[in-house]
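Heads up: the structure comes next, in structure tokens.
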Amino acid sequence: MGGSIRLLPSRVIDQIAAGEVVERPASVLKELLENALDAGASRVVVRASGGGIRLVEVCDDGSGMDRVDALEAFKRHTTSKIRSLEDLANLQSLGFRGEALSSIASVSRVELVTRPRGVEEATRVLVEGGVVREVTAWGAPEGTMVRVEGLFYNVPARRKFLRTEATEAHHLKGVLERIAILHPEVGFSYDYEERRSLEWPPVEQWAHRLRQVLGEEHFSQLFPVESGGQWCRIRGYLSHPNHHRSTASELWLYVNQRPVQDRVILGAILRGYGQLLDRGRYPSGVICLDLPPQDVDVNVHPAKREVRFRDPRRIQEEVVLAVRRFLREQPWVQPLEVRLEKPLPESSPGGEQPSCESLGLGFREGLESSWRPQVHEAPSGGGGQAAARYLGQAGGTYLIFETQGGILLVDQHAAHERILFEELRAQSAGEGVAGQRLLWSELIELDPPQEETLEEIRPELARLGWLVEPFGAGSWRILSVPTWMDPACGRELLMDLLDACRGQAQQQLESLLASMACREAVRAGKKMGPVEA
């Protein structure tokens with residue numbers, strides 16, 4: 001009965017490994033860029049076509065390889081980055097697993113041309129589906145060129161999971177931006193479909209590279225963050241609390257020069273902002289953590305997107321303090337104001353009323369406090385409303401009511417958001433939300449992922465009072481918006497809706513309703529009178 005368990009052929013093993021490392025053309029580009037930077041390149045040229053499915057090519061002026069190393073590089077678990085477990089614990093390079101080229105070559109056609117410094121002759125290696133087809137001497141400048149064609153040509157099932165060429169091209173550009181932004185000393189250029197798309201010459205200051213990659217308009221909305229601890233250095237730029245998004249897609253996180261997706265850092269940033277950001281909103285910016293390599297494990301995810309900290313609690317504390325210090329030092333910080341419509345009667349219990357500062361309600365002190373209010377759901381029914389008397393407002397955020405049992409604080413944004421959500425849900429369940437036709441349609445430019453999301457949710461948008469139609473490549477025009485909203489906010493709200501609904505096709509209506517209610521609800525900081533309250 002034996003013999004049912006067998007060792008898989010090496011080509012099958014390589015393709016299984018490729019499934020972990022190579023998810024899409026952008027994964028290929030990421031691995032090749034990391035190899036180029038690890039080779040000490042000062043100039044990197046990227047070429048692509050067909051969304052990277054047809055071609056991804058990276059040329060660099062790095063150290064290059066001789067013929068022996070060029071052939072070894074296509075074998076699994078061969079690397080020049082580490083030699084022992086001690087090297088892994090003190091990793092300084094971006095790559096280290098020794099899987100990139102072998103995984104890529106197993107699901108594509110790869111041409112490698114490389115020439116080490118001080119050697120007159122280059123080596124050219126052709127690999128197809130993981131099999132070396134040709135090795136020859138070649139003429140080429142010092143450095144390395146890797147050309148990847150026909151990604152997933154031999155795995156059609158994987159190719160079906162790729163998105164449109166435009167979407168894949170968008171992901172290619174995103175990978176290049178996220179890697180280039182941390183290497184201002186390296187020049188990058190990007191040609192797509194044989195046309196120069198991006199050109200970033202090397203610069204001396206990091207802020208100049210951020211301007212190159214993010215653009216002047218986006219960079220002007222960011223402010224520097226700096227925390228120079230002996231153990232963990234935090235540096236970067238974050239946005240004003242009023243500039244926020246419904247997703248964290250524009251908040252780029254790095255650990256030891258490596259782009260990561262990390263809940264510990266993200267959660268700490270949100271804690272640092274505290275109630276300056278509404279629930280479900282995220283700042284934009286770039287945050288980099290530099291800490292001893294032995295205190296962070298990068299060998300967690302095959303694509304190296306995730307890390308694990310030896311002391312995550314300490315990391316959280318460092319990030320929270322850095323963000324709060326950043327917020328406290330900015331010019332928009334104002335002391336908290338408590339505004340009462342009527343003075344409290346002199347016979348109020350407790351005698352002399354404590355000041356706002358003595359209660360610890362100051363804005364700056366609030367940033368440093370870890371206190372969070374306990375929220376209790378009020379009983380439904382009209383009796384509670386009749387028994388409450390409006391007193392005033394605290395910090396433009398909380399409405400203060402006097403009840404038979406004491407003082408009631410109401411988060412004005414959360415309360416209004418809930419009211420709007422229920423109203424919109426009731427209208428959408430009936431005849432739909434009424435729309436108002438704009439006198440002049442508003443044009444918006446969308447990237448390919450946003451266009452795909454818009455196509456998916458257009459029927460639901462129509463039920464909510466929106467009318468949006470295509471207007472050329474990448475362009476759409478807004479013809480109608482819901483009657484209850486300010487038409488001038490149509491573009492901004494629609495962009496938020498696209499971010500909120502991306503990847504949530506099964507929950508489109510609920511996501512749309514929640515996002516619209518949150519976006520249009522009364523914001524913290526708006527002063528309100530008794531009638532509005």
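The values are calculated or read from the model by the stated rules, or taken from the named source; none is laboratory data. Please read all numbers here as calculations on a predicted model, not as lab measurements. Using ideal geometry, Cβ is built from the backbone for each residue, glycine included, and neighbour counts are taken over all protein chains shown.
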>> Restricting to segment 33-72, count the residues that are touching a helix residue (DSSP H, G or I) at 6+ places or on another chain (Cβ under 8 Å) and either farther than 14 Å from VAL146 by Cα or in the same structural domain as PRO259 (by TED's automatic domain parsing) (or both).
In response: 3
> SER239 versus (1) free of Cβ contacts under 8 Å to residues at least 40 places away in the same chain; (2) in contact with a Gly (Cβ under 6 Å, 6 or more places away or on another chain); (3) not acidic (Asp, Glu): which is the lone unmet condition?
Replying inline: (1)
> Given the residues ARG458, ARG491, ARG477, which is the only one that is within 18 Å of HIS244 (Cα to Cα), surrounded by fewer than 19 Cβ atoms within 10 Å (Cβ to Cβ) and either out of contact with any helix residue (DSSP H, G or I) (no Cβ under 6 Å at 6 or more places or on another chain) or among the aromatic types (Phe, Trp, Tyr) (or both)?
Replying inline: ARG491
> Which one is surrounded by the fewest Cβ atoms within 10 Å (Cβ to Cβ), of the residues in segment 239-286 that are under 11 Å from the mean Cα position of the chain (by Cα), among the β-branched types (Val, Ile, Thr) and part of a strand (DSSP E or B)?
Replying inline: VAL260
> Restricting the search to segment 299-315, which residues are closer than 18 Å to TRP252 by Cβ and either buried (at least 21 other Cβ atoms within 10 Å of the Cβ) or basic (Lys, Arg) (or both)?
Replying inline: LYS304, ARG305, VAL307, ILE315
> Out of VAL225, VAL186, VAL175, which single residue is under 22 Å from LEU289 (Cβ atoms), under 16 Å from the mean Cα position of the chain (by Cα) and at pLDDT 95 or above?
Replying inline: VAL175
> Are any of the residues in segment 425-433 surrounded by 11 or more Cβ atoms within 10 Å (Cβ to Cβ), assigned to a strand (DSSP E or B) and modelled with pLDDT of 80 or more?
Replying inline: no
>> Kindly evaluate GLU469 against the criterion of being among the charged types (D, E, K, R), surrounded by 14 or more Cβ atoms within 10 Å (Cβ to Cβ) and at pLDDT 85 or above.
In response: no
> So is ARG83 farther than 22 Å from LEU182 by Cα, part of a loop (DSSP other than H, G, I, E, B) and modelled with pLDDT under 90 or not?
Replying inline: yes
>> Restricting to segment 228-238, give me the number of residues that are part of a strand (DSSP E or B) and within 10 Å of ASP290 (Cα to Cα).
In response: 4
> Among the residues of segment 159-167, is there at least one that is at pLDDT 95 or above and either farther than 20 Å from PRO259 by Cα or of a type in the set (Val, Ile, Thr) (or both)?
Replying inline: no
> How about segment 90-202: which strands (runs of 3 or more DSSP E) wholly inside it have at least 3 residues that are polar (S, T, N, Q), surrounded by fewer than 18 Cβ atoms within 10 Å (Cβ to Cβ) and outside the structural domain of VAL45 (by TED's automatic domain parsing)?
Replying inline: none
> What number of residues within segment 208-227 satisfy the criterion of being in contact (Cβ under 8 Å) with a residue 24 or more places away in the chain, more than 30 Å from LEU55 (Cβ to Cβ) and outside any strand (DSSP E or B)?
Replying inline: 2
> Can you tell me which of GLU456, GLU492, GLU452, GLU422 is of a type in the set (D, E, K, R), within 30 Å of GLY392 (Cα to Cα) and not in a strand (DSSP E or B)?
Replying inline: GLU422
>> From the list ASP486, ASP496, exactly one residue is within 21 Å of ARG245 (Cα to Cα) and buried (at least 17 other Cβ atoms within 10 Å of the Cβ). Which is it?
In response: ASP496
>> All but one of (1) in a strand (DSSP E or B); (2) touching a Leu at 6+ places or on another chain (Cβ under 8 Å); (3) touching a residue at least 40 places away in the same chain (Cβ under 8 Å); (4) surrounded by fewer than 18 Cβ atoms within 10 Å (Cβ to Cβ) hold for GLU442; state the number of the condition that does not hold.
In response: (2)
> Counting only residues that are assigned to a helix (DSSP H, G or I) and within 24 Å of the chain's Cα centre (by Cα), which one in segment 37-61 is farthest from GLY174 (Cα to Cα)?
Replying inline: LEU37
> Among GLY174, GLY143, GLY130, GLY139, which is out of contact with any strand residue (DSSP E or B) (no Cβ under 9 Å at 6 or more places or on another chain), more than 22 Å from ARG305 (Cα to Cα) and of a type outside the set (A, V, I, L, M, F, W, C)?
Replying inline: GLY130
